[in-house]
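The block underneath contains the structure these notes are about, expressed in C-alpha cells.
The values are calculated or read from the model by the stated rules, or taken from the named source; none is laboratory data. Only a predicted model underlies this, so the values are computations on that prediction, with no experimental measurement involved. FYI the Cβ positions are ideal-geometry reconstructions off the backbone, even for glycines, and counts take in every protein chain you see.
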Amino acid sequence: MLSAVEAAQDEERRLEASSRTLLARWTRLYAKELSVEEFKVLAGDTRDFLAAVPAHSGAAQKELHEIMMAQDFHDLTGQVIKKVVDLAATLETSLVALLVETQQVERRSEEGWLSGPAVRADNPDVVKDQAQVDSLLESLGF
C-alpha cells in the first residue's frame, strides 16, 4: 500500500513541476519578455502538457484505486478478526458458566478450620505436648 502512495505522489510531483514551469513561462509571456519564436515553443509545450495530463491523472487514479482496494481488504480482515474474537469471548463465558454449574460443592468438616501443621501423631519425631517442646529447646541450648 505504501508503494502505491509513493507512486501516486511521484505522479503528482511530476505534474506539479511541469505546471509550475509552464506557469513561469506564461508569466514571462504576459510580461512581454518572450519573442514570437519562444511563444510558439511555449504553445507547443503547453499543448504537450495538456495532452499528458490525462495519462498522469490515470496513473494517479490507478494507484489510488489500489490503495482503496488494500484498505477495503484491511477492513474486511478486521471485521473477520473482530467476529472471531467475539466468538472466542462468548465461548469463554459459556465455558466458565458451565464449569461453575458443574463444579462439586466442597464440604468442610463440622469442626471448622484446623490449626497447625498436618503431621502424623504416631511419628516418634513429632512432639505432642508443651513439655516435649520445652525439653527439645533445652537440649538445643535455649
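Residues checked against (1) at pLDDT 85 or above; (2) within 38 Å of the chain's Cα centre (by Cα); (3) under 30 Å from Glu6 (Cα atoms):
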position	(1), (2), (3)
Lys62	yes, yes, yes
Ile67	no, yes, yes
Val85	yes, yes, no
Gly116	no, no, no
Val119	no, no, no
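The set of residues in region 4-25 being under 14 Å from Leu50 (Cα atoms), without any contact (Cβ under 8 Å) to a residue 40 or more places away in the chain and not β-branched (Val, Ile, Thr) consists of Glu16, Ala17, Ser18, Ser19, Arg20, Leu22, Leu23. Looking across Ala52, Ala70, Ala43, Ala60, one residue alone is hydrophobic (A, V, I, L, M, F, W, C) and either loosely packed, with under 11 Cβ neighbours inside 10 Å or touching a residue at least 60 places away in the same chain (Cβ under 8 Å) (or both). It is Ala70. Inspect all residues belonging to region 16-31 and state whether any of them is modelled with pLDDT of 90 or more, among the small types (Gly, Ala, Ser) and not in a helix (DSSP H, G or I). So far as region 16-31 goes, yes, one or more of its residues are modelled with pLDDT of 90 or more, among the small types (Gly, Ala, Ser) and not in a helix (DSSP H, G or I).
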